[in-house]
Amino acid sequence: MKLKLSASRKTRHTEMVCGVGWIGTESILSAADDHLFLLTNTATNESQQILSMQESFYPTSLHIFPRAQNKGGQNDVFAVSTSDGKVNILSRSGKMEKIVDAHNGAALCARWNSDGTGLLTCGEDGFVKMWSRSGMLRSVLAQFATAVYCVAWDSTSSNVLYCNADQCYIKSLKMQVAPLKWKAHDGIILCCDWNPTAALIVTGGEDLKFKVWDGFGQILFNSSVHDYPITSVSWNTDGSLFAVGSHNILRLCDKSGWSHSLEKMNSGSVMSMAWSPDGTQLAVGTAAGLVYHAHIVDKRLTYEEFEIVQTQKTVIEVRDVSSEVSKETLETKERISRISILYKYLIVVTSSQIYVYSSKNWNTPTMIEYSEKTVNIIVQCEKVFLVSDGLTITVFTYEGRKLINLNPPGQVMALLDERKIDLANDTLVVRDRADNKILHFFDPTTGKPQGDGNLKHDYDIVELTVNQCGPLNDRSVAFRDHIGAVYIAMVKTFGVSQRMVKIGSLVEQLVFNDVTNMLCGISEGKVAVWPLPNVAFLDRNLLQKSLIQKSVGSVGKFPQLANFAGNTIVIRKSDGCLVPTGILPFYGTLITMASQSKWDQAIRLCRSIGNDTLWATLAGLAVIHKNMIAMEISYAALEDDEKVSLINEIKDKSDKEIRQAMQVVLTGKLGDADVMLERNGHGFRSLMLNIQMFKWKRALELATMNKQWLEIVMGYRERYLKNCGQKETDPQFLKHQAEVEIDWVHIRELIAAERTKGNY
Amino acid sequence: MSFRELRNFCEMTRTLRYPRLMSIENFRNPNFQLVAELLEWIVKKFEPDASLDAQMIQTEADRVNFIKNAVLLMLQNSRIKMNPKKLYQADGHAVQELLPALKILYMAKSEDPNMDSGPKWTQVKQKLSTKMQEVRITRQLSSQLPETGALLSELISKPEFISNQHERAASRAIPLGDAERTLQTTVQGIGAEAEQLSNKLNNVASDEAELDEKIERKKREYEQLQKRFAKLQSFRPQYMDEYERYEERLQKLYEVYVLNFRNLSYLRKVHDDLAKSERQRQEELEKAMRLAVEKMRLEQEKKDAIGLTEDDTDAPLVDRRQSVRKVYGNMMGGADSSESEDDGDDDIIRMEEVNNIKKEMEDDDEGVDNDYMVGITVTHADDTKDDLSSGDDF
């Protein structure tokens, strides 16, 4: 991936360009020290002067009013800070909406928040001020002795970042707490930006470095030393990339910090940068007065045997690596903003259309008109795909039919990113935009709530993923909350009490396998794979035993999980290298065998491999599919003696209800089994179960309810207490103690009688 | 001083590649050293031979002198007036003074690659190149001049010789008879050649017919052979059925063989593992035993050394040792190991008997597992009987 630069040289600024911004996706507005505002059309690369200000007007920064709030788009409003300490709110037609005297000395930076309700400014006088949309002073957030060069809003507009000298500060607007403060650079910090979708911050300073931080001020990436100070940084709109500008240099970096490309220009320092709303074009204002228009090319995707490269603005090359000759060149009418390939379909989004290519036939794409919104996210599953601009979601089939248009619940204007939406054939999962603790489930074909509709967790949910295989009843969502615990939750539950289970902690970047329901995550230097995450609902021990952990050496500090297809896990190291690693292929094979009921083969496979995790996987599969034989063999291999004996007991039973109840006992849900037995009239069995499990109170309750067997309960209770060396203190038992006389011979007879009746 | 000036100043120093990086905050506080260095650098850009040294600013007089010199040099070289007082302040005001000079340098640098001066430059270049062309052509012509003169004189001397030759050729006579004869022979030769060619042409048709016939024949032959081939192909020898039968049987037998072979090798592996573990256990046991014996012996010796009564003669001690050794021998004895090996063999034999078909083998395994589990449950139950009241009775 790299940037391709072009600049209009015919009409240009003669002085330093201090502010750039996008109006729509096709034109760049720029403000410079020559008092002019130019509008550059990126398609024709021609500029025209739209505004000329008075001689004393020296802009220092420019920020366009967030477009999503601005219906029609004709009346674009932008804020310009100037060197005389004023902040101007201008409209594109040149109408001065408001001028405020914001700062003493120069005003250095002005930023709108994501929904346009607030404006943040900072100045040479060391003040950081917040203004309303109409330019009324709301509050003074901070005051320093020296200049504040840059400010930024976070994605939800609830925190504010500002930098003074070599320190960074994060101030929360919601809570009255002292701002978080840390020393970020060795020199003055000149620029900062906050990721529009996540809690990531990038700063650049006069110590010639740029650094990436998380929302708590912990360093994630520290760049090497450049030749000149970093003068400008900017995140793109989906938060996956950021651009860094220095003297004569423009760098494109991944969000984890490593560089995609480095462009050299000859036009002085990069003074300002802005990404287009679709996040694929960059406007760059330089000290020599040139406004560069850069767009991303050489975007590269691989899927199975296909390699897809966007070579030009409108051209995509598809190579089939399995045959040397087949190479397709796909051309679109307009600029390509986003591409995605999965499940044999290539989706190409241009500025007004969506092309859906089938990998069987590259010549005739399905075309969908889609020009009302930009596309920042594409999520594909086997039968449908969705596109989103981070605010609304539209679902299409691969035939090009539009299914639904969905506004995710929640009113905050924070953008969604790819880790907060996921799609399966029958379920669309999206995190609530206002309340980070809630997940919503929808049916992608009708837009109605799917399964139980939503799910509420106790903590903020950071990322989520949904499994792709199996019917709706198997559909489950794996998610991670902000304290690092990983949970799995069912989408659809019919009277099952347990809906959500914790399966691990300190694991990030959850990804489901594409062909089976294996779940993969990454933790400190290790890859964790759960072959059967669903077994968590049935047997926790099996989940732990079947967990595959593989340590992957030298992946650096913050590796990312790129994909998990088949048996291959691809990890992106913190320096950008892709590292493929594999897990044993037997887990996938085993799952397929089980789904085809080839238990014999499965058992044979486990025998020949003789691996405990494999046995545990088989046990899990057997439990899910309720195959007693396989269950018995695999539990035996795992040396779970008590389970094996219980299974043997179950095998003896002929009554279906009892078998069912015993199977529930096997999964460790004693309460459920107890209720089942009692409801079906197996009172005595239920009683004995409770005695075996030392649930004396419940046993006593059953005995008194049925008005018999009291003696048995009391007898065993007494023996139990005697063996424990304790005395009866429970008032309920004391009360009944007088009623019965414990005679072991009689008790044995009673039990034998029940046994002959077939009740036990 | 304003933010913009400071910023532009820094930017210009970067573009002009000033040897050190300027911070935007450098001039918030007076910094005479920096201003002096900048001033020296700027002056030397205009006048490389200037005798100015930014190191010589220790005393106040030196500093004043330095500023005066620098301002004078700038005025002389580039008609830029600077305010020495402001320069001496060495803060933002000094920047204001330095900026015009720096701007001249900056503009020069930034305009260089631009197209504003382009057309003029190309014009001059063009003119120059045309002049150069002219000079080259003139030089060439001058060198050609003597050569042409020499050639000319040579040619002038030639006509006399040529006219002589011409006359001689014209005076020569040709004999008529000879000429006629040669012509006749050539005419005859050509006639014969023509005849031959026409003959050949006539024969072409017959050749063609012959070849056609040949082709026809070959074709017929080919068809016949084809038919025969088809016949032969359709013919099926008697032994074929039998052969196929045998083939099928062989296939089946081979499958059985493979299965057996696999089972055998698996079992052999199991057997080997068992034997190995047994051996290991044996060795450990032996080692432990040897240690124990050694210890006992040492103790005994110690006891001897410390002083058993004279009554204890050597003989009983030897006896005791022997007895110890006997025990040792027994413990390590092969009986135990042979038993276990026998067990293993038994198992294997049993397995082999049963194991002809995979399914059966599995059943067997299950059986073994079950037995094992049953054993465990029994002991487990006993335990519970011992310590807790619940369990085994029901």
Problem - Close pairs from the range B:256-272: first farther than 14 Å from A:Ser608 by Cβ, partner surrounded by 14 or more Cβ atoms within 10 Å (Cβ to Cβ), Cβ under 7 Å, at least 6 apart - result: B:His271/B:Gly344; B:His271/B:Ile348
Exercise for the section: Go through the range A:8-25 and count every residue that is over 17 Å from A:Ala79 (Cβ atoms) and either without any contact (Cβ under 8 Å) to a residue 12 or more places away in the chain or within 13 Å of chain B (Cβ to nearest Cβ) (or both). Expected result: 7
Handout entry: Selection from the range A:282-294 of residues that are more than 14 Å from chain B (Cβ to nearest Cβ), over 26 Å from A:Trp213 (Cβ atoms) and not β-branched (Val, Ile, Thr)
Key = A:Tyr292, A:His293
Exercise for the section: Any chance you could count how many residues in the range A:667-682 are in contact (Cβ under 8 Å) with a residue 24 or more places away in the chain and part of a helix (DSSP H, G or I)? Expected result: 4
Fill in the blank from the handout: In the range B:1-35, anything among the polar types (S, T, N, Q), free of Cβ contacts under 8 Å to residues at least 60 places away in the same chain and more than 12 Å from chain A (Cβ to nearest Cβ) is listed as B:Gln33
Handout entry: One residue from B:Val95, B:Val43 being in contact with a Leu (Cβ under 7 Å, 6 or more places away or on another chain), in contact (Cβ under 8 Å) with a residue 60 or more places away in the chain and not acidic (Asp, Glu)
Key = B:Val95
Handout entry: Matching residues in the range A:710-724 - criterion: being within 14 Å of chain B (Cβ to nearest Cβ), over 55 Å from the mean Cα position of the chain (by Cα) and of a type outside the set (D, E, K, R)
Key = A:Ile712, A:Met714, A:Gly715
Practice task
Could you list all residues from the range A:631-666 that are in contact with a helix residue (DSSP H, G or I) (Cβ under 7 Å, 6 or more places away or on another chain) and not in a helix (DSSP H, G or I)?
Solution key: A:Leu638, A:Lys653
Exercise for the section: Check A:Arg300, A:Arg335 and return the single one that is surrounded by 15 or more Cβ atoms within 10 Å (Cβ to Cβ) and more than 14 Å from chain B (Cβ to nearest Cβ). Expected result: A:Arg335
Exercise for the section: Report whether or not A:Leu510 is under 26 Å from A:Gly215 (Cα atoms) and outside the structural domain of A:Phe216 (by TED's automatic domain parsing). Expected result: yes
Practice task
Sort out which residues of the range A:4-62 are over 28 Å from A:Ala102 (Cα atoms) and among the acidic types (Asp, Glu), and write them in order of number.
Solution key: A:Glu26, A:Glu46
Exercise for the section: For the range A:692-699, indicate whether the set of residues that are outside any helix (DSSP H, G or I) and within 27 Å of A:Trp615 (Cβ to Cβ) is non-empty. Expected result: yes
Practice task
Report yes if A:Lys4 is within 19 Å of A:Met265 (Cα to Cα), touching a His at 6+ places or on another chain (Cβ under 8 Å) and either basic (Lys, Arg) or not in a helix (DSSP H, G or I) (or both), otherwise no.
Solution key: yes
Fill in the blank from the handout: So the helices (runs of 4 or more DSSP H) completely within the range A:703-760 holding 2 or more residues that are among the β-branched types (Val, Ile, Thr), surrounded by fewer than 16 Cβ atoms within 10 Å (Cβ to Cβ) and free of Cβ contacts under 8 Å to residues at least 12 places away in the same chain are A:744-757
Problem - Test for B:Leu38: is it within 14 Å of chain A (Cβ to nearest Cβ), in contact (Cβ under 8 Å) with a residue 12 or more places away in the chain, touching a Leu at 6+ places or on another chain (Cβ under 7 Å) and over 24 Å from A:Leu108 (Cβ atoms) - result: no
Practice task
Select the strands (runs of 3 or more DSSP E) contained entirely in the range A:195-298, then report the ones holding at least 1 residues which are in the same structural domain as A:Ser155 (by TED's automatic domain parsing), more than 30 Å from A:Asp481 (Cα to Cα) and more than 20 Å from the chain's Cα centre (by Cα).
Solution key: A:200-205, A:232-235, A:241-254, A:259-275, A:281-286, A:291-297
Handout entry: Lone qualifier among A:Lys757, A:Lys707, A:Lys727 - being within 14 Å of chain B (Cβ to nearest Cβ), more than 21 Å from A:Leu646 (Cα to Cα) and charged (D, E, K, R)
Key = A:Lys757
Problem - Residues that are part of a loop (DSSP other than H, G, I, E, B) and farther than 22 Å from A:Arg111 by Cα, drawn from the range A:7-25 - result: A:Ser8, A:Arg9, A:Lys10, A:Thr11, A:Arg12, A:His13, A:Thr14, A:Glu15
Exercise for the section: Evaluate the following for A:Arg419: is it among the basic types (Lys, Arg) and touching a residue at least 40 places away in the same chain (Cβ under 8 Å)? Expected result: yes
Handout entry: When residues of the range A:26-36 are limited to those that are in a strand (DSSP E or B) and without any contact (Cβ under 8 Å) to a residue 24 or more places away in the chain, the one farthest from the chain's Cα centre (by Cα)
Key = A:Leu36
Problem - Only listed residue being among the aliphatic types (A, V, I, L, M), over 30 Å from A:Ser61 (Cα atoms) and assigned to a loop (DSSP other than H, G, I, E, B), chosen from B:Ala54, B:Ala36 - result: B:Ala54
Fill in the blank from the handout: Of those in the range A:624-647 that are surrounded by fewer than 24 Cβ atoms within 10 Å (Cβ to Cβ) and touching an Asp or Glu at 6+ places or on another chain (Cβ under 7 Å), the residue farthest from the other protein chains (Cβ to nearest Cβ) is A:Leu638
Exercise for the section: Name every residue in the range A:256-281 that is away from every other protein chain (no Cβ under 14 Å), crowded, with 23+ Cβ neighbours inside 10 Å and among the hydroxyl-bearing types (Ser, Thr, Tyr), in order of residue number. Expected result: A:Ser276, A:Thr280
Practice task
Sort through A:Ser158, A:Ser172, A:Ser132, A:Ser139 and tell me the only one that's assigned by TED's automatic domain parsing to the domain that holds A:Phe221, of a type in the set (Gly, Ala, Ser) and within 18 Å of A:Gln218 (Cα to Cα).
Solution key: A:Ser172
Exercise for the section: Quickly run through the range A:282-297 and pick out the residues that are β-branched (Val, Ile, Thr) and surrounded by 20 or more Cβ atoms within 10 Å (Cβ to Cβ). Expected result: A:Val284, A:Thr286, A:Val291, A:Ile296
Completion exercise
Only one of (1) within 23 Å of A:Glu304 (Cα to Cα); (2) touching a Gly at 6+ places or on another chain (Cβ under 7 Å); (3) surrounded by 15 or more Cβ atoms within 10 Å (Cβ to Cβ) does not apply to A:Ser574, and that is (1)
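The values are calculated or read from the model by the stated rules, or taken from the named source; none is laboratory data. Remember, predicted model here, so these are calculated numbers, not experimental data. Counting neighbours? That spans all protein chains shown, and the Cβs are built from the backbone with ideal geometry, glycine included.
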